[in-house]
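Below: the structure, in structure tokens.
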Amino acid sequence: VGVAQASDPGRVARLLGRFHDDYPGVTVRVIQGSATDLIEGVGAGAIDLALCGKPLNVKAPITCITLVSAPFVLACGPRHPVGARERVTLRELAGERFIDMNTGWASRQLTDRAFGQAGIKRNIVCELDDVLLLMQMVEEGLGVAIVPGVSTRITSGMRTVPIQPPPPDWQFVVAFVGPEPANVAARVFLGMTTREWQSR
């Protein structure tokens, strides 16, 4: 099972714990990585299924089922002047210092595309593979970030501002090859996963 850093890591851990309790004879190996790395692992057969943001390029025969869809928001520190705004445009952010995830992350790919389509060059001062560290750096005023709205639950010290017009939503998906995973245990885990997210 491939797992990207999630906005609700406790939920992923509880799901894995329930699967272990129900099927103690099944060995589950968990690998963490960026969406691009995990999707490539699924396509290569190294990973049975992955829970991650949906990257821009997902090729057949990989299937993605959306578990969560969320709008992007601007995240900034509590003293940043933009934090008092009701909304902000991408063009108004052109002069800001950005903290972002590395290019393998789905959120980074979608943000890059949104700025590229708007013809806006942005100043990325820090690239990370750690969502929590990104939020903490934003909270400390080291830069701003464009993040899925669900990610802001990780910390309470930031301010968030809606983006207008909104970029396409970020999607958290479960991905696997074909119409269903070939591995029986992976099919059972897929069913548990979709029921978990559909129940809330």
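The values are calculated or read from the model by the stated rules, or taken from the named source; none is laboratory data. All values derive from a computational prediction rather than experimental measurement. When we count neighbours, we look across all protein chains shown, and the Cβ atoms used for this are built from the backbone with ideal geometry, even at glycine. Side chains are part of the model used for accessible areas, which takes the heavy atoms of the whole protein and leaves out ligands, DNA and RNA. Shrake-Rupley method; radii C 1.70, N 1.55, O 1.52, S 1.80 Å.
Some observations on this one:
- Of all the numbered requirements in (1) part of a helix (DSSP H, G or I); (2) crowded, with 19+ Cβ neighbours inside 10 Å, Cys52 misses one, and that requirement is (1).
- Pairs with Cβ under 7 Å, 6+ apart, first in segment 163-179 and more than 16 Å from Trp105 (Cα to Cα) and among the small types (Gly, Ala, Ser), second open to solvent by 20 Å² or more (accessible area, probe 1.4 Å) and not in a loop (DSSP other than H, G, I, E, B): Gly178/Thr63
- Meets criteria (surrounded by fewer than 18 Cβ atoms within 10 Å (Cβ to Cβ), within 12 Å of Ala75 (Cα to Cα) and at pLDDT below 95) for Gly95: no
- Reported count of residues in segment 55-85, each being open to solvent by 50 Å² or more (accessible area, probe 1.4 Å), farther than 19 Å from Glu139 by Cα and in contact (Cβ under 8 Å) with a residue 40 or more places away in the chain, is 6.
- Output for segment 16-49, where each listed residue is part of a helix (DSSP H, G or I) and among the hydrophobic types (A, V, I, L, M, F, W, C): Leu16, Phe19, Ala35, Leu38, Ile39, Val42, Ala44
- Arg113 being among the basic types (Lys, Arg) and free of Cβ contacts under 8 Å to residues at least 60 places away in the same chain: yes
- Of the strands (runs of 3 or more DSSP E) that lie entirely inside segment 106-189, those containing 1 or more residues that are at pLDDT 95 or above, open to solvent by 20 Å² or more (accessible area, probe 1.4 Å) and of a type in the set (Asp, Glu) span 123-128.
- The set of residues in segment 2-49 that are open to solvent by less than 30 Å² (accessible area, probe 1.4 Å), hydrophobic (A, V, I, L, M, F, W, C) and either touching a residue at least 60 places away in the same chain (Cβ under 8 Å) or in contact with a Cys (Cβ under 8 Å, 6 or more places away or on another chain) (or both) comprises Val3, Ala4, Ala6, Leu15, Phe19, Ala35, Leu38, Ile39, Val42, Leu49.
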